[in-house]
1. Just the number: Rg to Rh for the stretch 56-114, Cα atoms, Kirkwood Rh, two decimals.
2. Which percent of the accessible heavy-atom area of the stretch 1-116 goes to carbon and sulfur, probe 1.4 angstrom?
3. Mind running the shape call on the stretch 4-124? Use the C-alpha gyration tensor, a ≥ b ≥ c as the square roots of the eigenvalues: rounded below 1.5 for a/c, prolate if a/b tops b/c, oblate otherwise.
4. Near the amide H of ARG109, under 5 Å away, which other amide H atoms are found, from residues 5 or more places off or on another chain, if H is placed in the peptide plane?
5. Going out from 0 in 5 Å bins, what whole percent of all Cα-Cα distances in the stretch 6-60 drops into each bin?
6. For the stretch 1-105, what does the accessible surface come to per residue with a 1.4 Å probe? Please give it in Å².
7. Can you check what the net charge comes to around ARG147, using other residues whose Cβ is under 11 Å from the Cβ of ARG147 (Lys, Arg +1; Asp, Glu -1)?
8. With all protein chains present and a 1.4 Å probe, how do LYS135, LYS146 order by accessible area, largest first?
Amino acid sequence: MPPRDAMAAALALLRDPASVRQARRAGLPPDIPFLLEVANADAAAIERARRRTGYPDHFLEEAAAFYIEQVLLDRHADSYRILGGSPVSSHAELRRNMALMMRWLHPDRKSQRSSVAIDRDVFAGRVSRAWEDLKSDDRRTAYDAKRALAAAPPPGPTHRNGAAKPFASRHKGPRMGVRSMGLRSMGRGFMRGPVPSPEAQAAGWPRAHDLQPVSFWRRILGFLRGRL
């Protein structure tokens, strides 16, 4: 469940950076634009955040920047999340967040987090690609279809006619007769059953399940008699 507001989420993450995985899995707070304004050092937003939390300006900017870098601009985030929105966000909301994000990433703006070098080229590229995915209704529809396809489970094996292939059993078909089993598995003569008479051979071989199985010891005895 997402925190009550974005500033509280940012401060909590800055106090406990080890919770970043949980923050990346959680939904985004609804007031991300306010957090982007704090990161951009907007005077009204900073004053509002200071009155609400009691933290100094530089600490608020640092917390907002850290949350944006670690949660919104995570390399595994989708285009909606990179722009601080969701699939239900309006086009105007995504556009506003994109503009605030690019203003914050502009090279002329000095980062408040001087202890950590921010690779602004990488972040700006992610924001640009996300906006390209969602900048128009057609692109957004295509992106949503691609996301749905990627989230769908892979199809199972099918027959040529499109029907699902049944579960493959280890035992394929009925048990084979003595003659057939002997020729396939144990070699000629070793598992040979009773040979039909010439009349029976002329009439055709008996079906496999009509043959009576021969015990193991009778097979051995028949094999030895054939060698004597």
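The values are calculated or read from the model by the stated rules, or taken from the named source; none is laboratory data. Keep in mind the model is a prediction, meaning the values are calculated, not measured. Cβ coordinates were reconstructed from backbone atoms using ideal geometry, including for glycine residues, and neighbour counts include every protein chain displayed. Heads up: the accessible areas ignore ligands, DNA and RNA and are worked out on the full protein's heavy atoms, side chains in. Shrake-Rupley method; radii C 1.70, N 1.55, O 1.52, S 1.80 Å.
1. Rounded to two decimals, Rg/Rh equals 1.00.
2. Carbon and sulfur together cover 50 percent of it.
3. Values: a/c = 1.21, a/b = 1.16, b/c = 1.04.
Since a/c stays below 1.5, the shape of the stretch 4-124 is classed as rounded.
4. For ARG109, no residues qualify.
5. With 5 Å bins starting at 0, P(r) equals 4, 20, 29, 24, 15, 7, 1.
6. Working: 5240 Å² over 105 residues.
Per-residue accessible area for the stretch 1-105 comes out at 50 Å².
7. Values: positive: ARG140, LYS146; negative: ASP78, ASP133, ASP144.
Charge balance in the 11 Å sphere: -1.
8. Details: LYS135 80, LYS146 125 Å².
Largest accessible area first, the list is LYS146, LYS135.
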